[in-house]
């Protein structure tokens, strides 16, 4: 058998991946996918709509086509199915803010080597600790664009029909709590997050007209007391922001605070136990270098261990968003 000849193609593609990211951001900025949806779907039409030259319009559209974001059909471009659903402005499922969420750190990533070699003294949650209300608002406007979809997925996966009160640890926009309360009319929820964040949470609660059943508690759940009288605890999409000791502590605190028979759900970017993936989990762990926190990526086995150590029973691991998010759950005896 002839041995496969090695080449640099895979490594070249990885080294140039930032160009694809830049192209996606430019397409979002210039409303390329929205304009294609509106019928401005040729080079000349898009160039006029975007206010750029036809040459640059052709360059960008060619790049997006090779990235399979758009495709040529019958003399014009069309959006790929996922692009049509998530990147057309004005649609309920528009996820542009979420896909641009990490963009502010663009320049920092070019200095990753220096940050790894000469880090600042890390804080428990790094830059999140000094977040202002306005920074929190910008942050959660980005995360909420995908968070409400995740909340709807959560209430499909988890039956809360016999539950009375949920604590939402680090709930941010309150998306999970808002959706859960809307779907379960008997359910109360408390979003427990940093004081600047809950000021933003209140806006989302008011916008969704559910102030009577979703409330907030400002504080640091790594230090402060948890809400009382809860039979559900939820911690979603902030797992890599914390180290192993902190997550173990938080799971234990949740166990202690829950009513007997209560349940906890930890939803986050978790590594497979062989630590070979998914890549998304590794990315979020590495991101904490930029945030100057002590956080890292946890494996599924790590998270099961936190639950087991705290005293939870009937511990289960479930795919939540395949390749992205995993849900670990358990019950208090």
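Each row is one residue, and each column tells you yes or no for (1) free of Cβ contacts under 8 Å to residues at least 60 places away in the same chain; (2) assigned by TED's automatic domain parsing to the domain that holds residue 287.
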site: 57; (1), (2): yes, no
site: 63; (1), (2): yes, no
site: 72; (1), (2): yes, no
site: 100; (1), (2): no, no
site: 103; (1), (2): no, no
site: 127; (1), (2): no, yes
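Sort through 125, 146 and tell me the only one that's at pLDDT below 90, crowded, with 18+ Cβ neighbours inside 10 Å and out of contact with any strand residue (DSSP E or B) (no Cβ under 6 Å at 6 or more places or on another chain).
None of the other options fit; the residue is 146.
Residue-wise test of (1) modelled with pLDDT under 95; (2) under 24 Å from residue 141 (Cα atoms); (3) out of contact with any strand residue (DSSP E or B) (no Cβ under 6 Å at 6 or more places or on another chain).
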position: 11; (1), (2), (3): yes, no, yes
position: 70; (1), (2), (3): no, no, no
position: 95; (1), (2), (3): yes, yes, yes
position: 98; (1), (2), (3): yes, yes, yes
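Looking at the stretch 285-292, is at least one residue in a loop (DSSP other than H, G, I, E, B) and either more than 28 Å from residue 214 (Cβ to Cβ) or at pLDDT below 95 (or both)?
The answer is yes, given that some residue of the stretch 285-292 is in a loop (DSSP other than H, G, I, E, B) and either more than 28 Å from residue 214 (Cβ to Cβ) or at pLDDT below 95 (or both).
Going through the stretch 293-317 one residue at a time, which ones are out of contact with any helix residue (DSSP H, G or I) (no Cβ under 7 Å at 6 or more places or on another chain), surrounded by fewer than 21 Cβ atoms within 10 Å (Cβ to Cβ) and not in a loop (DSSP other than H, G, I, E, B)?
299, 300, 301, 304, 305, 308, 313, 314, 316 - these are the residues of the stretch 293-317 that are out of contact with any helix residue (DSSP H, G or I) (no Cβ under 7 Å at 6 or more places or on another chain), surrounded by fewer than 21 Cβ atoms within 10 Å (Cβ to Cβ) and not in a loop (DSSP other than H, G, I, E, B).
Based on what the data block shows, is residue 142 on the phi > 0 side of the Ramachandran plot and outside the structural domain of residue 33 (by TED's automatic domain parsing)?
No: the conditions fail for residue 142.
How many of the residues making up the stretch 162-174 are in a loop (DSSP other than H, G, I, E, B) and within 17 Å of residue 260 (Cα to Cα)?
Total satisfying the criteria: 3.
Go through (1) without any contact (Cβ under 8 Å) to a residue 12 or more places away in the chain; (2) over 25 Å from residue 320 (Cα atoms) one by one and return the number of the condition residue 156 breaks.
(2)
Can you report the number of residues in the stretch 274-333 which are farther than 29 Å from residue 127 by Cβ and touching a strand residue (DSSP E or B) at 6+ places or on another chain (Cβ under 8 Å)?
Number of matching residues: 15.
The values are calculated or read from the model by the stated rules, or taken from the named source; none is laboratory data. It should be emphasised that the depicted structure is a prediction, and the values quoted were computed from it without experimental measurement. Neighbour counts are summed over all protein chains in view; Cβ atoms, including those assigned to glycine, are modelled from backbone coordinates with ideal geometry.
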